[in-house]
Structure formats: structure tokens, C-alpha cells
Amino acid sequence: MDTKGDEHAFVADLIRQRGHRVLIIDVGTLGEPRLQPDVTRAEVAAAAGVDFAPLAAKQDRGESVTTMSRGAPIVLMRLVEEKRIDGVISLGGGGGTAIATAAMRALPVGLPKLMVSTLASGNVAPYVGVKDIVMFPSVVDVAGLNRISRQLLARAAGAICGMVEAAPPVAADKPILVASQFGNTTACIEQAKETLEAAGYEVIVFAATGTGGRTMESLIETGLVAGVFDITTTEWADELVGGVLTAGPKRLEAAARRGVPAVVSTGCLDMVNFGPPDTVPAKFAGRKFYQHNPQVTLMRTTPEECARLGRILAEKLSLSTGPVTVLLPLRGGSVISAPGGPFHDPEADKALYAGLKSSLRKDIALKELDCTVNDPDFAAACAQALLDQLPPTGVCATTQFPKQRE
């Protein structure tokens, strides 16, 4: 609200003209704010456990951005919990984008979030994370009001108002189940989805492409998920071996730590993902590859890698505080590792299952089926295993967005 105060004031006035109220949060640390904030910079710093006066006196930009990036999420979450806000918009360059998107990433999926940024045309993954943040290119620097910036900022103000006004109607939704899917496990997920939906659940499917796995884990952490159908754990192969679709080292932890009922399998752990053939690191020369399409090259995991993957899955699942069942498709965990497929490797599969069984907590249910992951019998068994772990009524806690406020 100091260096970008005029621009924020311009956007705030446009939002008010559309009939909405505006709550101003100041995260500046340099000059005085050019408009009166509802939440002061001192309050934001205090939320991060920092005394603002010494921070401002230092004039250390890096420390200031870090402090406000810690405090702003706490302030915004408090406002959400108090049911005082319906959407968030901010404008900024590098520092402002870092602070504001850190705050936005703390908010629940579905609450409108819009960032007008000088960085919006580049790699925005570090700023968006796994949340539904809309990155709006500023085109020109956020450094004054001019013929171009006024036009773009007016559109941005209209966009956040439209997002808030378009809030879906409150409804008694069905309990949510989440599922992980890859092209090589689609048949299994599609059949199981029909069974689970017929039982009264809404099934949300996530592509196991790194971002998909992280997003699914994030949704589980919100408490909105009644059960987890995690058949496709392939992202762990990329995390271990060095592929491009890793979901990070905490994959499989959300359901385990929250005690959410889960069914887990080893779908597509036979493959590591890379881009076109010329992007595969030279150290993997001589390995077994399969060209999934011109943009995707798959590499078969070795018995040694599979044994480690089995142990990793067992370690993650052994953290479970709720019911979990592991099902193993003994004849192949993907289309291409089934008998006759290019990645069919019984030795590697045995190593995977042996590693998992040797390290899995003894009280966790484990079932072995003599079929492939896409066999109808496997899909049916997995779906039934999850239904057996869910409450008979299929009831779970739900959260509804409140009516419009600020």
C-alpha cells in the first residue's frame, strides 16, 4: 500500500462501484500507506511473531518480504474463519507477488483468488502451488496509473467481482472420495468410480502427474474428503528415480495422518516419466523405454528400484491412523506391464511386492489378487474394500462457502 498504493486504491474503488465492500490489508514496510488499511502492516508482522518497528528500521527487503509472507497467510485464514471475506485480489511485482500468493495458497480451494503480477507470463508454479490462484498479467509494471494499466486493472477488478458473484449455490453435496489415475490405470478407475458413485459418493479423479498428486493431498488435508481411492501411486517412481512427474516426498501422507479411510495399490510404479527421447538423462542409457507419445517417454523401473518403492509405500502407509487396505495386482500394475506388454517384468513386480510386504505395519490389511490392475475383478475388489471402510450412512463433514461479504 506504499509503492503500489494508488493502483490498489483504483482497484478498490472499482470493486465498490460494483456493490462490494473492500477490506484493505497492508503488507508494505517502506513508505507510509497511501490508503487507510483495515489490517495494518504491524498487525501482519505480529501474526508472524515479529515486532514491526525494528523490522521497518532495518529496511532489509528480503527479511521484510519473508516476514510478511509468513504473517499474511495467518491474517487471511483468520478472516476466512471469521467469515469476513469472499475473495482476494492483489497487485504487485516480485515482492508483492511472493507475499500475496503465499497468503492465497493458505486459503481453501473455491474461494476466489486473483493476483495481478509482472510475473504472470512466466513460470507461475512456485506462486500458484496446488491452489486455484488466477495469475493476471500486468503487461506493464505496476508502477503508476496510465492508459494501459487503468484498462487492465479495471478488467482485473471486474474479474474478482465476477468470480465472487458466480459463487455456486449451497447444496447438500454427496460425500467426496478422491482417486488417482493415469492413462495406464484408467479402466480400473472408471469401473470403480461407477461402483462408488452408485453407492452415493461423489468421486473426484486426479491425474497422477505430480501436480495432480499434490493437489489431491492438499484436498485431503482440508478435511473435505471421506475416503481415498489411491490406486495409481506412480508419482513415487518419479520421485525416487528422477522423473518429471514427482509429487514430492510427502505423497501418501495426508490420508495416513488425518485417518481418512483409504485403499492403496501400486498402479504404474513400473514406469518413470520423461519428456521426448532427447530429454532423458544420459545416465539412463541402456534402460528399457517405451514411447507413450511424442512428448512422453516411459522408462521401466528395475527390480532394485521396485524393492525400494515397495518399502517407501509401506513406510508411508504405516503412518496411518485410520483404516487402510492395500491391494496388489500380481499380474501387472499397468497396461504395459501386463503379460505380453513391453514392461512385463515378473522379477521387478515380485521385488516391489516383497519390499512392500516386508515393511508394512502388520495390522494393515493386504490382499493379493491374481490379475492385472485393469482387470474388472481388481476394480471391483478395490471399490468394495473402500466401501467396507466407510461409515454405513456414507456421511462425512462438509464445508459450505458463506454468503457474500467482502
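On the stretch given as the range 204-229, residues that are assigned to a strand (DSSP E or B) and either touching a Lys or Arg at 6+ places or on another chain (Cβ under 9 Å) or more than 22 Å from A314 (Cβ to Cβ) (or both) total 7. Of the residues A103, A9, A98, A53, the single one that is assigned by TED's automatic domain parsing to the domain that holds V116, of a type in the set (A, V, I, L, M, F, W, C) and over 23 Å from V134 (Cβ atoms) is A53.
Residues checked against (1) in a helix (DSSP H, G or I); (2) out of contact with any Asp or Glu (no Cβ under 6 Å at 6 or more places or on another chain); (3) more than 27 Å from P346 (Cβ to Cβ); (4) basic (K, R):
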{"site": "K283", "(1), (2), (3), (4)": "yes, yes, no, yes"}
{"site": "Q291", "(1), (2), (3), (4)": "no, yes, no, no"}
{"site": "L298", "(1), (2), (3), (4)": "no, yes, no, no"}
{"site": "E304", "(1), (2), (3), (4)": "yes, yes, no, no"}
{"site": "R308", "(1), (2), (3), (4)": "yes, yes, no, yes"}
{"site": "A314", "(1), (2), (3), (4)": "yes, yes, no, no"}
{"site": "S320", "(1), (2), (3), (4)": "no, yes, yes, no"}
{"site": "V326", "(1), (2), (3), (4)": "no, yes, no, no"}
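In the range 16-36, the residues that are farther than 12 Å from G5 by Cβ form Cβ pairs under 7 Å with partners that are among the hydroxyl-bearing types (S, T, Y) and not in a loop (DSSP other than H, G, I, E, B), at six or more places apart or across chains, as follows: T29/S64. Whenever a residue of the range 286-311 is closer than 10 Å to F343 by Cα, its partners that are surrounded by 21 or more Cβ atoms within 10 Å (Cβ to Cβ) and of a type in the set (D, E), lying with C-beta atoms within less than 8 angstrom and at least six residues away or across chains, give the pairs R300/D270; T301/D270. The criterion of being buried (at least 18 other Cβ atoms within 10 Å of the Cβ), part of a loop (DSSP other than H, G, I, E, B) and not small (G, A, S) does not hold for V65.
Only one of the listed residues (E43, E32) is among the acidic types (D, E) and part of a helix (DSSP H, G or I). That residue is E43. The single residue among S149, S138, S64 that is in contact (Cβ under 8 Å) with a residue 60 or more places away in the chain, more than 30 Å from A247 (Cβ to Cβ) and not assigned by TED's automatic domain parsing to the domain that holds T222 turns out to be S149. Restricted to the range 385-406, and to residues that are surrounded by fewer than 16 Cβ atoms within 10 Å (Cβ to Cβ) and of a type in the set (S, T, N, Q), which residue is modelled with the highest pLDDT? Top of the filtered list is T393. Exactly one residue out of G71, G110 is at pLDDT below 90 and under 23 Å from the mean Cα position of the chain (by Cα): that is G110.
Residue-wise test of (1) crowded, with 20+ Cβ neighbours inside 10 Å; (2) over 30 Å from R16 (Cβ atoms); (3) in contact with a strand residue (DSSP E or B) (Cβ under 7 Å, 6 or more places away or on another chain); (4) not assigned by TED's automatic domain parsing to the domain that holds G110.
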| site | (1), (2), (3), (4) |
| --- | --- |
| A143 | no, no, no, no |
| S180 | yes, yes, yes, yes |
| G183 | no, yes, no, yes |
| G223 | no, yes, no, yes |
| E239 | yes, yes, no, yes |
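The values are calculated or read from the model by the stated rules, or taken from the named source; none is laboratory data. As the structure is a computational prediction, the values presented were derived from the model and not from experiment. Don't worry about glycine lacking a Cβ; one is built from the backbone with ideal geometry, like all the others, and counts go over all protein chains shown.
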